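Written out below as structure tokens is the structure these notes cover.
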Amino acid sequence: MVRVDGGVIAEARILLDGQTRAGTVIEAKLVSKGVSGRNAVASGGDGSDYLLPRGAGAIAEGATLKIEVTREAIPGAEPWKRPLARMTDKPLGDAAEPNAREIVFPAPKDELAKLGWNDLIEEARSGTVRFPGGELAIEATRAMTMIDVDGLGEPHDLAIGGAAAAARAILRLDLQGSIGIDLPTGAGKDARQAAAAAIDAILPQPFERTAVNGFGFLQIVRPRTRASLVELARDRAAFEARALLRRSASHKGPATLTAHPAVIAAISTDWTEALARQIGGTVTLRSDPALAISAGNAH
């Protein structure tokens, strides 16, 4: 999903197939009441176990309840982490996306590519985002996502321009949770305040942040409801498999997908069947260990 502003992608998110989205209300069965009224576990009809940090109140184990998904499962380095939810009285239903328009494949023109989707995917893959006068190096760790601002300009200008670029990258790459931004040292108090103001002007609420300290560091905390594009890119085989399938969706007729063995292994039968329906022909998979993991192609 993307939000377009001025002909470019201003915000983006990837919705994983088969995963219940944050904001969805489902019926579940209480598996465990947890400890001291917290960290209950409920099993949803979608096959996932949800952690309820605030507990399940007076609901008995084995009983049914309605829960709202507040954080989707985060794939990658910590697969043991359950998705999060909370009890709710809201009606059952999927998360709403007002004013959303679905782009159907195959189509005569690849609208996402025209808007710069391939460049966005490369930013997520590499963690490098360039801006006038400098670049951002983005790295997702288990504790937080770090953004390092570097460049050749004067520290004053680089701090302000880098802060604005970091805020735009947070939206474009769907960065959430705890985010640290390391601005150039040497910028004075006025520059640090202007950098913080630039972030405030770009990032929509809700979020919290610290001031920029004397070492050029500030921390931002945004609600965490799903994996960012950078986190998804760390699960390289699955990420590159999805990217290859999207590129292949514009083909017409039978296609052979050739990719690194890890990418081929990540492509499920459901995906190939869906792609075959889209392109109107059979889909054949071929492994080539000589290819880089991001170099898959379709013929």
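The values are calculated or read from the model by the stated rules, or taken from the named source; none is laboratory data. If you're wondering where the values come from, they're calculated on a predicted model, not measured in any experiment. Heads up, the Cβs are rebuilt from the backbone with ideal geometry, glycines too, and the neighbour counts pull from every protein chain shown.
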Counting only residues that are under 18 Å from Asp94 (Cα atoms) and buried (at least 19 other Cβ atoms within 10 Å of the Cβ), which one in region 43-55 is modelled with the highest pLDDT? Tyr50
Only one of these conditions is not met by Glu61: (1) among the acidic types (Asp, Glu); (2) buried (at least 17 other Cβ atoms within 10 Å of the Cβ); (3) over 18 Å from the mean Cα position of the chain (by Cα). Which number is it? (2)
From the residues in region 114-133 that are part of a helix (DSSP H, G or I) and in contact with a strand residue (DSSP E or B) (Cβ under 6 Å, 6 or more places away or on another chain), which one is nearest to Asp5 (Cα to Cα)? Leu120
Which members of region 213-238 meet the condition of being of a type in the set (Phe, Trp, Tyr) and modelled with pLDDT of 95 or more? Phe217
Name every residue in region 8-65 that is farther than 30 Å from Ser268 by Cβ and acidic (Asp, Glu), in order of residue number. Glu61
Scan region 250-269 and tell me whether some residue there is farther than 21 Å from Leu16 by Cα and touching a residue at least 60 places away in the same chain (Cβ under 8 Å). yes
Criterion: in contact with a strand residue (DSSP E or B) (Cβ under 7 Å, 6 or more places away or on another chain), farther than 30 Å from Ala295 by Cα and without any contact (Cβ under 8 Å) to a residue 24 or more places away in the chain - qualifying residue of Ala211, Ala196: Ala211
Any residue at all in region 234-245 that is surrounded by 21 or more Cβ atoms within 10 Å (Cβ to Cβ) and in contact with a Pro (Cβ under 8 Å, 6 or more places away or on another chain)? no
Could you please find all residues in region 257-287 being of a type in the set (Asp, Glu) and either within 22 Å of Leu232 (Cβ to Cβ) or modelled with pLDDT of 95 or more (or both)? Asp270
Which pairs have Cβ atoms under 6 Å, sit 6 or more apart or on different chains, and link a residue in region 112-128 that is surrounded by fewer than 15 Cβ atoms within 10 Å (Cβ to Cβ) to one that is modelled with pLDDT under 95 and not polar (S, T, N, Q)? none
Filter result for Ala28 (surrounded by 15 or more Cβ atoms within 10 Å (Cβ to Cβ), part of a loop (DSSP other than H, G, I, E, B) and aliphatic (A, V, I, L, M)): no
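Across region 250-267, which residue is farthest from Gly281 (Cα to Cα) among those that are assigned to a strand (DSSP E or B) and among the hydroxyl-bearing types (Ser, Thr, Tyr)?
In this case the residue turns out to be Thr258.
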Testing Pro108 on (1) more than 25 Å from Ile170 (Cβ to Cβ); (2) at pLDDT 95 or above, one condition comes back false. Which one is that? (2)
